[in-house]
Amino acid sequence: IDIGPDKLKASEGLVHLTRETASFTDATIIRQYKDMRIEGRIVEKTGELTYHIEDGWLITCKLKKGQSPPWSFHAADADITDGGYAFLKHATFRIKDIPVFYSPYMLLPAKRNRQTGFLFPSVSLSDRDGFSLEWPLFVNISPSTDITLYPHYFAERGFMVGAEARYMLAKDSKGTVMANFLSDDLSDIENPDNAEYYSEGGYTHSNQNRYWIRGKANQKFGGWVSRLNIDLVSDQDYLDEFTNGFTGYSVSDKRFSDEFGRGLQDAHTDERENKLTTLRSWSNGTSLEATLKGIDDLREDDIGSTALWTFPEVKYSGLIPLYDTDVDLSWDADYVYYKRDVGVEAQRIDLYPKLKTALPMLSQYLETTVGVGIRDTIYMIDDNGDEAWQDSDTENRFLVDINGEIATTLRKDFGIGSKGRTAWSHTLRPFVRYTYVTDPDVELPSFDSVDNVGDQHVITYGVNNFFYISESEGSSDSENGEESEHDLERDYGYIKLQQNYDLRSEASEEPLSDLQFRLSWNPWQNMNFKYSTDIDMYDKDFKQHTVEGDYRNDRGDLLSFDYLFQAGAADQDEDSSSIRLVSWFNLLYDFAAGYSLERSIEDSVTIAEKISLSYNPSCWSVELVADVTPDHEQVMILFKLANICTP
């Protein structure tokens, strides 16, 4: 019998046609919503899409004909309501028909809409935190808003409360805020039993009340676009300790990155930015941007914080052609008010108009551009107790900059591919760039890069090599039904070399900058390899090496690695080097395994290591995660059922 979206089969039944009720024996109901399958010795249809079941079971995933359920909920008595829930009495959760859990009452989703209910818990065991249980509760407020509560019990730390609030008004107007609070028993510095916790972990915080508030929002109204970032944390150690779990740093960062296209700051950053930016762009090439930025300074002491707040910063920029000429007029006009607890403050107005044009008359084979700009920067200084600026009131810096670039682009196709097509091509672009900026010889406070502009007389030269490979892609001709091929040109890699020559007299002894070398190689569409290094021309030594690589395929396998080497500065004794590895592989029989490692090579210390093994059949999954840091070892189990306990 087809009952709306449901299908019902039974060995026998009695149907009341006018009341639309019925009673069936040995019946099976397959609900289209969430692939719910219900079986029962007695099934009574009590309403349009509501049922009462005796001695039955249910599962929320598709089963092949003759397939026994991998898991199921069995109940002596159950009521299924459309737009409501499945209420089970004397319920057991079974794996392959073996009961593993009993509850006198159980509530499961049978709704067509999102609903309030518990999500699947995570269970972990740690040598530092002891036994841990996190069991989220999802609260559906409306079709566009919801809240998830994250009660989290630590045997050694106490009870952490957490919450997440979400809303979505439109695709471009949405927001998420998450918060956690813990009165940490391990952070009670007056308890002598916690001395080992501080000594082994190297922790520096002394606060017992620990919290983390983070959030992001996008809002579009009219032609204006706003972006909000919130990041407030109680101490430097919090993000290092609480990395796992539903509300840990790793999951929070990934969720914000997936949802908003921007993740959280690095966990080791001491100055946590809280920023509201509003932007509007016009079709005439101009834009207006306003920013409020506050810093949660985790290094703040009793004296106060030196971190800079902007209250506010307003930028007005534009690029337009100058009348009917080939000259472009661009400008940046910026006002910012820098404030902080300790240290000099200032209001700064920066006006920077520029003219730029191409000079095609030099040669048809050369790409030549020249530009000139003037920059006037006005400072209204408040010493804010800084003795070095007590006699300062206002300062003015006036700069003139001149720049030009000569380049050419050469391309050649090489090799013959299938059917006589080009196999690959090489684009070569050598260039020479000249930059001159006058020296203002004015002592100014240093807030950002704008304050450090000036006194440049540099020639920059280099060569860029770009490689492209042609690949065939099949397509069908809708008129004659024949298959055809056409070439797609994709990036195969690049090699870039660049260096500066300083023309200033004070740089006459060592005018050459480090030689920059950059390499990228994409042997396949889903594989990328990058290498960069800087070479000191006088010490004949490498200043840094960076190696990055990643591989992904259609199966979902992932292999990524990073290597970083940084030579020590003149006042440092040692170099630094580190490696990071992330991998995930889908194995046979629905198994998958992952491994990640972050290690300081110079110190021979493993910063973090994680191993995970998961089993992911079509109807359920279980994941076992082992996480190891120098002061912490944790094992976590995550379990999921298809369409059960998910928001």
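Scanning the stretch 295-309 turns up at least one residue that is open to solvent by 80 Å² or more (accessible area, probe 1.4 Å), free of Cβ contacts under 8 Å to residues at least 60 places away in the same chain and of a type in the set (A, V, I, L, M).
Here residue 12 fulfils each of the conditions (1) at pLDDT below 85; (2) open to solvent by 60 Å² or more (accessible area, probe 1.4 Å) apart from (1).
When the residues of the stretch 266-289 are filtered to those that are open to solvent by less than 40 Å² (accessible area, probe 1.4 Å) and in contact with a Ser or Thr (Cβ under 8 Å, 6 or more places away or on another chain), the one that is farthest from residue 346 (Cα to Cα) is 267. Within the stretch 153-164, the residues that satisfy the criterion of being touching an Asp or Glu at 6+ places or on another chain (Cβ under 8 Å) and open to solvent by 20 Å² or more (accessible area, probe 1.4 Å) are 153, 155, 156. Of all residues in the stretch 423-446, those being touching a Gly at 6+ places or on another chain (Cβ under 7 Å) and among the aliphatic types (A, V, I, L, M) number 2. In this structure, is residue 343 of a type in the set (Gly, Ala, Ser), touching a Ser or Thr at 6+ places or on another chain (Cβ under 6 Å) and either outside any strand (DSSP E or B) or surrounded by fewer than 16 Cβ atoms within 10 Å (Cβ to Cβ) (or both)? For residue 343, the condition - of a type in the set (Gly, Ala, Ser), touching a Ser or Thr at 6+ places or on another chain (Cβ under 6 Å) and either outside any strand (DSSP E or B) or surrounded by fewer than 16 Cβ atoms within 10 Å (Cβ to Cβ) (or both) - is met. Exactly one residue out of 149, 169, 182, 186 is touching a residue at least 12 places away in the same chain (Cβ under 8 Å) and open to solvent by 80 Å² or more (accessible area, probe 1.4 Å), and it is 169.
Per-residue answers, yes or no, for (1) among the aromatic types (Phe, Trp, Tyr); (2) at pLDDT 95 or above:
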site: 322; (1), (2): no, no
site: 325; (1), (2): no, no
site: 334; (1), (2): no, yes
site: 337; (1), (2): yes, yes
site: 351; (1), (2): no, yes
site: 358; (1), (2): no, no
site: 368; (1), (2): no, no
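Just one of the listed residues (449, 425) is under 38 Å from the mean Cα position of the chain (by Cα), modelled with pLDDT of 90 or more and surrounded by fewer than 12 Cβ atoms within 10 Å (Cβ to Cβ), namely 449. Out of the residues in the stretch 1-23 that are part of a loop (DSSP other than H, G, I, E, B) and among the charged types (D, E, K, R), which is farthest from residue 62 (Cα to Cα)? So the residue we want is 19. Taking the stretch 49-132 and the strands (runs of 3 or more DSSP E) fully enclosed by it, the elements with 1 or more residues that are exposed (fewer than 13 other Cβ atoms within 10 Å of the Cβ) and either on the phi > 0 side of the Ramachandran plot or at pLDDT 80 or above (or both) are at 98-109. Here residue 343 passes the criteria (1) over 28 Å from residue 436 (Cβ atoms); (2) out of contact with any Pro (no Cβ under 9 Å at 6 or more places or on another chain) except the one numbered (2).
Identify the residue in the stretch 452-463 that is open to solvent by less than 30 Å² (accessible area, probe 1.4 Å) and in contact with a Ser or Thr (Cβ under 8 Å, 6 or more places away or on another chain) and, among all such residues, is nearest to residue 497 (Cα to Cα). Only one residue fits best here, namely 460. Pairs are defined by a Cβ separation below 6 Å, a sequence spacing of at least 6 or placement on different chains, a first member in the stretch 600-626 that is closer than 19 Å to residue 63 by Cβ, and a second member that is charged (D, E, K, R) and in a strand (DSSP E or B); the pairs so defined are 621/640. How many residues does the stretch 367-381 contain that are surrounded by 15 or more Cβ atoms within 10 Å (Cβ to Cβ) and aliphatic (A, V, I, L, M)? Residues that pass the stated criteria total 4. Filtering the stretch 510-533 to residues that are outside any loop (DSSP other than H, G, I, E, B) and open to solvent by 30 Å² or more (accessible area, probe 1.4 Å) leaves 512, 515, 516, 517, 518, 519, 521, 527, 528, 529, 530, 531. Inspection of the stretch 406-419 finds a residue satisfying the criterion of being within 23 Å of residue 503 (Cβ to Cβ) and open to solvent by 50 Å² or more (accessible area, probe 1.4 Å).
Screening residue 500 with (1) farther than 26 Å from residue 468 by Cβ; (2) touching a strand residue (DSSP E or B) at 6+ places or on another chain (Cβ under 7 Å); (3) modelled with pLDDT under 95 gives one miss only, at (3).
Within the set 3, 38, 42, the sole residue that is under 24 Å from residue 90 (Cβ atoms) and in contact (Cβ under 8 Å) with a residue 24 or more places away in the chain turns out to be 38.
The values are calculated or read from the model by the stated rules, or taken from the named source; none is laboratory data. Computed from a predicted model, the values in this text were never measured in an experiment. All Cβ positions, even for glycine, are placed from backbone atoms using ideal geometry, and neighbour counts span all protein chains on display. All accessible areas refer to the heavy atoms of the entire protein, side chains included, with ligands and DNA or RNA removed. Shrake-Rupley method; radii C 1.70, N 1.55, O 1.52, S 1.80 Å.
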